[in-house]
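**Student:** Below are the structure tokens for one structure; questions will follow.
The numbers here are math on the coordinates, done by the rules we state, and not lab data. Everything quoted here is computed from the prediction, not taken from an experiment. Please note: Cβ atoms are built from the backbone with ideal geometry, for glycine as well, and neighbour counts cover all protein chains shown.
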Amino acid sequence: MVNRLALMCERRSVVFDEAALRAVALAGRGSFGEALAILARVERHGNVTVDNLVREPEFGWGPTMLACWRAVLSGRRDEAISLFGDIGTDGPMRVTAMQAFLVECRMRHMMGGLPAGASVSPALDRLAAGSWEGILRDWSEWSRERGIEVHEAMERALGFWASVRIGVPWRASFLKGYEALNVTRAIPDSMTANGM
């Protein structure tokens, strides 16, 4: 599909970035018509570049999601939900963005980073390496304070957000996800039996 989109741009003498076309193709979810509609929206900003791509709601949410999770991991629930409401244009777009962000955090934690252009979303690929280092450090500190492993905390969040159904109000989903993440780990029976 990327080649077909490139051909469309070349025919109309529109300058494009291959990375932007790849993102448009992915966002089209296999529908050339949907990809063309996204391409047309990006073209309204000028050339089809990553810089213009992130001006569209489904591609420009990376910094807002990062701020949202900084608020989540700092216990600032109201600020976090307000930021989450600023992502995308509707609930399904917000949930998809949340899922992508958590997958990216998990991958970066496991692999120690990702090369440029390898993110699960162009919105996340635009975040600076230092931003990723900071949020992963926040995850580590949050997990250490609660006595759980970072990967366990990330899996808890991923597990919840992967189960959110389309049509569930985004605000309710966020609050339940926040609660699910902040559930305290049960004390093992061996500790309670010893009077601890």
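**Student:** At 7 Å along the Cα-to-beta-carbon direction for both R4 and E179, put a label point, then send me their distance in nm to one decimal.
**Tutor:** 4.5
**Student:** If you wrap a convex hull around the Cα atoms of the chain, how much volume per residue is inside, in Å³?
**Tutor:** About 130 Å³ per residue, rounded to a whole number.
**Student:** Right, here's the next one. Kindly provide the helix-only [θ] at 222 nm of the chain, computed as the sum of -39,500 (n - 2.57) over DSSP H runs of four or more divided by all residues, to the nearest 500 deg cm²/dmol?
**Tutor:** -20000 deg cm²/dmol
**Student:** A follow-up question, please. Roughly how many whole Å is it from the C-alpha centroid of region 30-98 to that of region 129-148?
**Tutor:** Region 30-98 and region 129-148 have Cα centres separated by 23 Å.
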